[in-house]
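Reviewing the structure listed below.
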Amino acid sequence: MNHSADAKTAEEGLAAQNFDTPVDSTRATEIAMQNTLLTPRFYTTDFDELDSLNVEPVRAEWDLLIAQMKADPNKGHFKKNADWDHIDWDGMDPALKAEFIDFLISSCTAEFSGCVLYKEMKRRGKNPDVTGLFQLMARDEARHAGFINDALREAGIAVNLGFLTQAKKYTYFRPKFIYYATYLSEKIGYARYITIYRHLEANPDKRFHPIFKWFREWCNDEFSHGEAFALLMRTDPEITQSRMNRLWIKFFLTAVFSTMWVRDHQRPAFHEALGVDPAWYGQEVFRKTSDISRQVFPMVLDIDHPRWIPGLERLDRANRQIAAAKRQGGIGGKLKQWWGSARAGAAFLSLLTIPSIPNEVPETSRLEPAY
Ligand SMILES: [Fe+2]
Ligand SMILES: [Fe+2]
């Protein structure tokens with residue numbers, strides 16, 4: 001096995017030559033190891049409960065989706081070819097370079113986090129429907145992470161993914177929280193990749209790195225992963241319809257959207273180079289994700305509410321205050337950190353109290369990538 005792009009399983013991908021080629025990766029791995037509210041995490045869950053799922057209520061849609069994923073239209077796609085233009089890393093504006101590398105490291109960690117969780121589910125489970133699905137998704141995420149690491153390696157760094165698996169802290173989530181969080185991260189991932197892809201299709205002069213050319217096929221993988229989680233949630237109406245779970249869904253929607261907003265606003269040079277206003281990008285991605293999530297969630301967030309953007313901006317300011325206080329250090333820094341966290345909490349609460357818009361979930365959830 002030579003390249004993770006050709007791997008038929010996650011295990012083959014992890015064993016591929018390009019996967020963990022040692023380079024000077026200490027700093028990249030350090031960044032990937034961080035666990036803050038804003039950085040991608042690794043998850044673990046109650047695998048037995050997940051394994052006990054019964055997909056019969058959605059059998060017809062399920063079989064269709066699995067057949068499509070097994071056909072593997074993106075095999076071999078995640079590999080550099082003639083379209084991969086040369087990058088002048090040394091000539092790149094230093095601020096852009098730093099932010100872009102940070103973007104690649106956090107994307108690689110997020111992709112790999114999916115790979116680790118899905119592979120573990122496949123390993124622990126006995127239910128052939130569940131393990132079959134997770135096997136296919138782990139395969140895709142291994143390819144995605146391997147490809148981003150290929151791009152990083154050209155800049156002389158890469159994330160040591162083998163080390164990360166062993167050493168990064170795992171966060172426990174109950175299965176239903178895994179459904180909400182993972183469904184949303186797959187669909188928001190689709191919306192993010194396709195929005196950038198379409199923007200650069202219209203403005204090719206802003207494409208400062210070839211990896212963006214790969215985003216269309218890439219986002220189709222994320223789209224089908226999201227479809228799979230929509231089906232998993234639809235096996236039991238309780239998961240999305242009970243009063244308590246509706247509150248949880250609203251919480252996850254708000255948390256995922258606002259985290260994306262704050263994280264993107266930390267990368268001004270990156271967005272400027274792409275010719276993208278992060279506020280426009282955020283709203284565009286939220287709108288697409290909301291539209292898609294109508295397939296399974298009983299409500300969407302009101303992102304046109306007068307308190308929405310001001311709330312996100314407050315959260316962003318509080319987050320900057322926390323970061324500055326951390327750099328300051330000492331007792332004064334600690335106090336300012338607490339104060340910043342209190343402000344961030346208040347901003348998040350105010351976002352959470354914006355009334356959501358009820359949604360009538362359709363009979364079948366099946367969607368095609370349409371953007
Ligand atoms: Fe992925
Ligand atoms: Fe995915």
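The values are calculated or read from the model by the stated rules, or taken from the named source; none is laboratory data. Predicted model only: the values in this text are computed from it and were never measured. A quick note on method: Cβ atoms are made from the backbone with ideal geometry, for glycine too, and the neighbour counts reach across all protein chains shown.
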**Prompt:** For segment 164-192, how many residues meet the condition of being without any contact (Cβ under 8 Å) to a residue 12 or more places away in the chain and within 14 Å of ligand 1 (Cβ to nearest atom)?
**Reply:** 0
**Complete:** Within segment 87-137, the residues that are more than 16 Å from ligand 2 (Cβ to nearest atom) and aromatic (F, W, Y) are W89, F100, F103
**Prompt:** How many residues does segment 154-178 contain that are surrounded by 14 or more Cβ atoms within 10 Å (Cβ to Cβ) and either in a helix (DSSP H, G or I) or charged (D, E, K, R) (or both)?
**Reply:** 10
**Asked** Quick one: which of D205, D140 is modelled with pLDDT of 95 or more, within 13 Å of ligand 2 (Cβ to nearest atom) and more than 30 Å from P355 (Cβ to Cβ)?
**Response** D140
**Prompt:** Is one or more of the residues making up segment 79-87 of a type in the set (A, V, I, L, M) and crowded, with 18+ Cβ neighbours inside 10 Å?
**Reply:** no
**Prompt:** When you scan segment 338-359, how many residues do you find that are over 14 Å from R317 (Cβ atoms) and surrounded by 18 or more Cβ atoms within 10 Å (Cβ to Cβ)?
**Reply:** 1
**Message:** So D304 ticks every box in (1) closer than 28 Å to L247 by Cα; (2) surrounded by 14 or more Cβ atoms within 10 Å (Cβ to Cβ) but one. Which box is left unticked?
**Reply:** (2)
**Item:** Test for D304: is it without any contact (Cβ under 8 Å) to a residue 40 or more places away in the chain and outside any helix (DSSP H, G or I)
**Value:** yes
**Message:** Considering only segment 50-60, I want to know if a residue exists there that is of a type in the set (D, E), farther than 30 Å from R207 by Cβ, modelled with pLDDT under 95 and away from ligand 2 (no atom under 16 Å from the Cβ).
**Reply:** yes
**Complete:** Residue pairs within 8 Å by beta carbon, gap of at least six or interchain, first lying in segment 215-227 and within 14 Å of T195 (Cα to Cα), second within 9 Å of ligand 2 (Cβ to nearest atom) and among the charged types (D, E, K, R), listed first then second, are E222/E186; F223/E186
**Prompt:** Which is within 28 Å of T29 (Cα to Cα), away from ligand 2 (no atom under 16 Å from the Cβ) and not β-branched (V, I, T), of Y172, Y179?
**Reply:** Y172
**Message:** Looking only at segment 61-78, count every residue that is surrounded by 13 or more Cβ atoms within 10 Å (Cβ to Cβ) and among the charged types (D, E, K, R) and tell me the total.
**Reply:** 3
**Request:** Keeping to segment 44-60, report how many residues are surrounded by fewer than 18 Cβ atoms within 10 Å (Cβ to Cβ) and either touching a strand residue (DSSP E or B) at 6+ places or on another chain (Cβ under 8 Å) or among the acidic types (D, E) (or both).
**Result:** 6
**Request:** Within segment 210-236, track down each residue that is outside any helix (DSSP H, G or I) and either within 11 Å of ligand 1 (Cβ to nearest atom) or buried (at least 19 other Cβ atoms within 10 Å of the Cβ) (or both).
**Result:** none
**Asked** Does segment 101-113 contain at least one residue that is over 30 Å from F348 (Cα atoms) and surrounded by fewer than 17 Cβ atoms within 10 Å (Cβ to Cβ)?
**Response** no
**Fill in**
Those residues of segment 24-47 which are touching a Lys or Arg at 6+ places or on another chain (Cβ under 8 Å) and among the acidic types (D, E) amount to D46
**Item:** Residues located in segment 115-163, provided they are touching a strand residue (DSSP E or B) at 6+ places or on another chain (Cβ under 9 Å) and either hydrophobic (A, V, I, L, M, F, W, C) or without any contact (Cβ under 8 Å) to a residue 60 or more places away in the chain (or both)
**Value:** V116, L117
**Asked** What residue, of G156, G162, is touching a Phe, Trp or Tyr at 6+ places or on another chain (Cβ under 9 Å), on the phi > 0 side of the Ramachandran plot and not polar (S, T, N, Q)?
**Response** G156
**Residue in segment 37-60 that is within 23 Å of the chain's Cα centre (by Cα), under 30 Å from P278 (Cβ atoms) and among the basic types (K, R) present** = yes
**Request:** Consider F251 carefully, then state whether it is buried (at least 18 other Cβ atoms within 10 Å of the Cβ) and not in a loop (DSSP other than H, G, I, E, B).
**Result:** no
